[in-house]
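Only one structure is covered here, and it is reproduced in the block below.
The values are calculated or read from the model by the stated rules, or taken from the named source; none is laboratory data. All values derive from a computational prediction rather than experimental measurement. Every residue, glycine as well, gets a Cβ built from its backbone with ideal geometry; the counts of neighbours run over all protein chains shown. All accessible areas refer to the heavy atoms of the entire protein, side chains included, with ligands and DNA or RNA removed. Shrake-Rupley method; radii C 1.70, N 1.55, O 1.52, S 1.80 Å.
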Amino acid sequence: MDKFIIEGRHPLLGELIPSGNKNAVLPLLAACLLTEEPVILNNVPTIRDVQTMRSLLESLGVEITEISPLSWKINAKDINEARLDPSLLKQIRASILLAGPMTARTGHLSLSPPGGDVIGRRRVDTHILALKGLGAKAAYDVEKKVFNFTAPKGLRGADILLDEASVTGTENAIMAAVLAKGDTVIRNAASEPHIQDLCHFLNMLGAKIENIGSNTLNIQGVSRLTGGEFTVGPDYLEVVSYIGAAVVTRGEIRIKNAGIEHLAMIKLVFNKIGYNWVEDGEDIVVPSDQSRRIEPDLGNAIPEISVMPWPAFPTDLMSIAIVAATQSSGSVLFHDWMYPSRMFFTDKLVSMGAQIVLCDPHRAIIQGPTKLIGENLESPDIRAGMSLVLAALAAKGTSTIRNVNQIDRGYEKVEEKLAKLGANIERVRGD
């Protein structure tokens, strides 16, 4: 496997353009199964998870042509019922997104359990309950280890209350509902930017989705969808990751077309741990002059940063914020109640010199600032892996980060983008 060799303490300087949103393009690709007409997607990021989703679609008979490196033409006119490769399904969590559109389009699908990051149990119950609510039959075959989804009489609109505000569960429900007969209401829906992109994309193809961006979606089923062209928006998780890289290296960067409309709550949290940025039109400018001081709560209490469903602070940015906090003065408690293994990467930061108390699997107290020292590390998942890159950029000396193929799943050409900003980073190819 590939590894990064990083020499730290080189301030990042310059500008970059973020890639397309990974968490948007995966459901958009799955949604192309809903129409027989060609669809063009622009700003498709060149990352491993997207390539895996492409392989899954092509195994179903979908024709995908690269018009340019970042623009794909997807034609799902003729799709087959071939058994999906379990080894591919296990590579990404987003493989579960095939359930909604395939059940809506063909009436049946067999699917091995999805994979993805190892950050604790990730339920699929919400997906099953949503599809059952729309009239599908869904069951797990324990012996064959596959989920079987069938809708012999077609899907029908329904009033659905999701048992949790699951992002992918909401996306599956939306994709199934747009072709269901009648009206559907999805309550307790997640509302992240990538879900909003999916809704706008489907409406462009002829779907009728209202209240986009809220936690209650109204969908009027249609008999068919058409083709169209859509541009994937910037990846706000990548944008914030590079903001974090700039502040921990005491650099100054401009991020162009940064999607600033999605960053308000994230900015509040970064302000609390001592960092700020300036909006300049559609760009973000991260200055080198930062307070680097954690702001206590009233009464000089230690502040708590907790993840919550959108538009609150997202769980995928918790590890980035933790690394940034190690370079600020003061104490802060981070709380991620969603995933029981999200915090386990912090032992790697402790080995670099960070002062972190892991209270339990969900909570960690960070005391800063601390001088980090280069270390030999291994990337456990996409977001923790990127946070280790940030730690290495801030550290004195040289760090080696193994298993960076995990980072490649969610970040496009990360070493090239960082090198252009002045980072001393090298990819060493493995087997």
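General remarks:
- Summarising the amide proton neighbourhood of GLY61: residues at separation of 5 or more, or on other chains, whose placed amide H is nearer than 5 Å comprise ASN80.
- Gyration tensor (alpha-carbon) shape descriptor, segment 379-425, a/c threshold 1.5: oblate
- Protection proxy ranking, highest mean first, for peptides 405-416, 301-312, 345-356: 405-416, 345-356, 301-312, where packing is the per-residue count of other beta-carbon atoms within 10 Å, averaged.
- Helix-only arithmetic for the chain: the sum of -39500 (n - 2.57) across DSSP H runs with n ≥ 4, divided by the residue total, places the mean residue ellipticity at 222 nm at -8500 deg cm²/dmol.
- The chain: DSSP helices with Cα axial extent of at least 30 Å and average Kyte-Doolittle hydropathy no lower than 1.6: none
- Within straight-line reach of LYS272, meaning a Cα separation under 15 Å, sit the following aspartates and glutamates at least 8 residues removed in sequence or on another chain: GLU295, ASP297, GLU304.
- Computed over protein heavy atoms with a 1.4 Å probe, the accessible surface of segment 13-55 works out to 28 Å² per residue.
- Accessible surface of segment 229-327, 1.4 Å probe, proportion on carbon and sulfur as whole %: 51 percent
- Beta bridges assigned by DSSP with both partners in the chain are antiparallel in approximately 75 percent of cases.
- The alpha carbon centroids of segment 233-266 and segment 1-79 are separated by 20 Å.
- Over 31 Å between alpha carbons, listed pairs LYS73/LYS417; LYS208/LYS267; LYS90/LYS267: LYS208/LYS267; LYS90/LYS267
- Structural descriptor for segment 1-108: relative contact order 29 percent, calculated from alpha carbon pairs under 8 angstrom and at least 6 residues apart.
- Taking Cα Rg over 2.2 N^0.38 Å as calculated from this structure, the corresponding entry among (1) 1.51; (2) 0.93; (3) 0.98 is (3).
- Cβ crowding within 10 Å averaged over residues, with 200-209, 22-31 ranked highest first: 22-31, 200-209
- Here the spin labels are modelled as points 7 Å beyond Cα on the Cα-Cβ line, and at SER68 and ASP297 they lie 4.9 nm apart.
- Choice from LEU97, LEU34, LEU84 with maximal GNM fluctuation in the chain (Cα, 10 Å cutoff): LEU84
- Å² per residue, accessible surface of segment 261-358 at 1.4 Å: 42 Å²
- The alpha-carbon of LYS371 sits under 18 angstrom from the alpha-carbons of these lysines, leaving out residues fewer than 8 places away in its chain: LYS348, LYS396.
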